[in-house]
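Shown next, in structure tokens, is the structure this report addresses.
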Amino acid sequence: MILEVFVTALISIDNLTLSYENMTVIENLSFEVFDGDYLCVVGENGSGKSTLVKALLSLKKPDKGSIEFGDGLKKNEIGYLPQQNVAQKDFPASVYEVVISGCLNSRGIRPFYSSKDKKRALDNMELLNITDLKSRSYRDLSGGQQQRVLLSRALCATKKLILLDEPVAGLDPIVTAELYDLIKKINKSGVTVIMVTHDFPAALKYSKHILCMTEEDWFFGSREEFLKSKFVNFMRGGEELD
Amino acid sequence: MIEIISEIFSSPILVRAMIVGILVSLCAALLGVSLVLKRFSMIGDGLSHVGFGALAIAAVMNLAPMAVAIPVVIIAAFLLLRLSSNGKIKGDAAIAMISTGALGVGVMAVSMSKGMNIDLNSYLFGSIMSVSSEDVVISVILSVIVLFIFVFFYTKIFAITFDENFAKATGTAADIYNMLIALLTAMTIVIGMRLMGSMLISSLIIFPALCSMRVFKNFKSVTICSGIISVITFLAGMIISYAAETPCGASIVCVNALSFIVFYIIGKIKKTT
Ligand SMILES: Nc1ncnc2c1ncn2[C@@H]1O[C@H](COP(=O)(O)OP(=O)(O)O)[C@@H](O)[C@H]1O
Ligand SMILES: [Mg+2]
């Protein structure tokens, strides 16, 4: 039993190369995500963070290398918050319809949603303070409200792992603080968290591991290792530029 | 009015057309919501042209029309789906190419078979006379299957329509459901083509969805409202076509266009109040 805790990586990324057409975005990236980890992915705009997230979700095929899920993880146990809002402007969908669609991955072939799914959706809406928006149309909401709706949906889909691509973008400071608390709680309950963020202080405060990506290079290690590395200066510098 | 309706119901040809028409309208409208939102409405249009080509060739070669058209249109549906989701080839141009190509082949086939009794007009613009009692049986079976599958997979259809990437990322087999939608669309178009005509059948897919999207703001209401609008406009179109002796396909499209204007205005009024 003790051995297992050490051996099982939830996800192993080995020599991963990702590119668009002929432009290589990520080259020879290797790291592991452990069960119960809280990994923050930081780095410049355009360094390939979102592309990496898409590859982890098998939305993007690796050009080279591999992404392997450990025994513990199936695709339908993953929650995801995309960076860009993909739904079209005129899409008719209520907030509740969007949130509960996150429960779909646990339904398998079965039709409709169970009362358990419905409760899960309502609970997650409560967590993000959007219960009163339940029957509002998603397209009529503000950016921050839409972000919270998509977060509730991501929580509905999450069983073992949640991938968050810039979750606090568009949120006010109070909601941001609440959100970090919430993610911490979820992580404590055993869910592995991978979060892309530009919020450097938050990354340092909450993460167990950090993946730092720049145009040419990358760093992966524990938070303590990161603080001792040269990348920490780079990030501080980058932070000031913003 | 009541007189006209009772006349319609006393004619077996008209009753057959009614049964097929109501079922097809319902199927087309439900699928239409997803197709319109996924920007796939051109696929419906392309498929109806392919269907015309298949029917024409079946008639010329003296084969059972449905038996030829169903597999051909289903194959075309998968092909068009792949073309439009593949970013490299221009999807809309590919669809236009396939649909005009099929149309050309169909017209050639029909005109080369002068000896046979094929009415090009009814193929293109539909005719209630062309609905045989075998067609009714096949249509009823197929449309019940389409409706059942749609309701059974409703939650999945919503998810892949709203955000296909999220659905894929979290373990829903989006590609399979996309193919399912294409398959159901192909079946609906083949069933409705004889009655509505291949030029007009795709209006059944597009209009009801666009109408209800003017007024309703959640997916379920839009879907239900589409179904209702579609059946009502079909019945109204049939009655007009009978009373004014106009072709039924064209009459139905006109009623649909009119109802779009009405829903557009209702939507505007709703917004301001
Ligand atoms: N769909 C795409 N097609 C072509 N290039 C892309 C696409 N998506 C992203 N890129 C490019 O890949 C690079 C990495 O993008 P991205 O992963 O979004 O960066 P980040 O999330 O770190 O800001 C950028 O240079 C971007 O322009
Ligand atoms: Mg990004």
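The values are calculated or read from the model by the stated rules, or taken from the named source; none is laboratory data. Predicted model only: the values in this text are computed from it and were never measured. No Cβ is skipped: glycine too gets one built from the backbone with ideal geometry, and neighbour counts run over all protein chains shown. Areas reflect the complete protein model, heavy atoms only, side chains present, ligands, DNA and RNA absent. Shrake-Rupley method; radii C 1.70, N 1.55, O 1.52, S 1.80 Å.
Decide, for region B:182-243, between rounded, prolate and oblate: order the square roots of the alpha carbon gyration tensor eigenvalues as a ≥ b ≥ c, take rounded if a/c falls under 1.5, and otherwise choose prolate if a/b is larger than b/c, else oblate. It is oblate, given that a/c is not under 1.5 and a/b is not larger than b/c. Once you have a ≥ b ≥ c as the square roots of the Cα gyration tensor eigenvalues for region B:162-273, tell me rounded if a/c is under 1.5, and otherwise prolate or oblate according to whether a/b is larger than b/c. Oblate, since a/c reaches 1.5 and b/c is not below a/b.
Just check region A:104-242 against the gyration tensor rule for me: Cα atoms, a ≥ b ≥ c as the square roots of the eigenvalues, rounded for a/c under 1.5, and otherwise prolate or oblate depending on whether a/b exceeds b/c. Taking the square roots of the gyration eigenvalues as a ≥ b ≥ c, region A:104-242 is prolate. Find which of A:34, A:146, A:105 sits farthest along the positive direction of the dipole of chain A, computed with +1 on the beta-carbon of Lys and Arg, -1 on that of Asp and Glu, about the Cα centre. Of the options given, the answer is A:105. 3J(HN,Hα) couplings calculated from phi for region B:30-40 with the Karplus curve 6.51 cos²θ - 1.76 cosθ + 1.60 (θ = phi - 60°) are, in sequence order, 5, 5, x, 4, 5, 5, 5, 5, 7, 6, 10 Hz; Gly and Pro show x.
Largest GNM mean-square fluctuation among A:151, A:161, A:182, using chain A with Cα springs under 10 Å: A:182. Inter-chain Cβ neighbour count for B:216-225, averaged per residue, equals 4 (cutoff 10 Å, partner chain atoms only). Rounded to the nearest Hz, the phi-derived 3J(HN,Hα) couplings of region A:20-25 under the Karplus curve 6.51 cos²θ - 1.76 cosθ + 1.60 (θ = phi - 60°) are 10, 6, 10, 9, 7, 9, where x marks glycine and proline.
Taken one residue at a time, the phi angles of region A:148-154 give Karplus couplings (6.51, -1.76, 1.60, θ = phi - 60°) of 5, 4, 5, 5, 4, 4, 4 Hz. Gly and Pro are set to x.
Using Cα atoms only, what is the angle between the long axis of helix A:173-188 and the major principal axis of chain A, expressed in degrees (0 to 90) to the nearest 10? Helix A:173-188 sits roughly 80 degrees off the main axis of chain A. Think of a 1.4 Å ball rolled over the protein heavy atoms: the protein assembly as shown then has 46 Å² of accessible area per residue. Within the shell of other residues whose beta carbon sits under 11 angstrom from the beta carbon of residue B:139, the net charge comes to 0, with Lys and Arg scored +1 and Asp and Glu -1.
Chain B packed on chain A takes about 2800 Å² of accessible surface away from a 1.4 Å probe, both sides summed. Spread over its residues, the convex hull of the C-alpha atoms of region B:77-211 is 129 Å³ per residue. The relative contact order of region A:98-242, computed from alpha carbon pairs under 8 Å that lie at least 6 residues apart in sequence, is 18 percent. Look at the stretch A:105-115: the mean tally of other chain Cβ atoms within 10 Å of its residues' Cβ atoms is 3.
Pairs of Cα atoms nearer than 8 Å and 6+ residues apart set the relative contact order; for chain A it is 26 percent.
Size estimate for region B:2-267 follows the Kirkwood approach: the inverse of mean 1/r over distinct Cα pairs works out to 18.6 Å.
GNM remark for chain B: springs join alpha carbons under 10 Å apart, and the peak mean-square fluctuation among B:188, B:170, B:246 falls on B:170. Considering all C-alpha pairs of region A:59-162, those separated by over 16 Å amount to 60%. With one equal scatterer per alpha carbon and no solvent term, the Debye-computed log10 I(q)/I(0) for chain A at 0.07, 0.11 1/Å reads -0.24, -0.59. Distant-in-sequence amide contacts of residue A:192, defined by a placed amide H-H separation under 5 Å and a gap of 5 or more residues or a different chain, comprise A:36, A:161, A:162. Projected onto planes of every orientation and averaged, the convex hull of the alpha-carbon atoms in the protein assembly as shown covers 28.9 nm². Among the trypsin sites (Lys or Arg not before Pro) in region A:154-240, those placed in a DSSP loop whose Cβ has at most 13 other Cβ atoms within 10 Å are A:230. When only Cα pairs below 8 angstrom with a gap of at least 6 residues are kept, region B:2-267 shows a relative contact order of 32 percent.
Each Lys and Arg adds +1 at its Cβ and each Asp and Glu adds -1 at its Cβ; summed about the Cα centre, region B:2-267 shows a dipole of about 720 debye. For region A:9-48 versus region B:221-257, the spacing of their alpha-carbon centroids is 55 Å. Dipole of the protein assembly as shown computed with +1 at Lys/Arg Cβ and -1 at Asp/Glu Cβ about the Cα centre; of B:255, B:122, A:78, farthest Cα towards the positive end is B:255. Other residues within the sphere of radius under 12 Å centred on the Cβ of residue A:213, judged by their own Cβ, net out at -4 (K and R +1, D and E -1).
For residue B:217, a cut-off of 19 angstrom between C-alpha atoms picks up these aspartates and glutamates, skipping any fewer than 8 places away in its own chain: A:90, A:97, A:132, A:140, B:163. The portion of the accessible surface of region B:12-92 made up by carbon and sulfur, rounded to a whole percent, is 70 (1.4 Å probe; DNA, RNA and ligands excluded). Of the residues B:112, B:77, B:55, the one whose Cα sits farthest toward the positive end of the charge dipole of chain B, with +1 on the Cβ of Lys and Arg and -1 on the Cβ of Asp and Glu, is B:77. If you bin all the Cα-Cα distances of region A:50-102 at 5 Å, starting from zero, the percentages per bin are 4, 13, 21, 21, 17, 13, 6, 5, 0.
Look at the stretch A:146-156: the mean tally of other chain Cβ atoms within 10 Å of its residues' Cβ atoms is 1.
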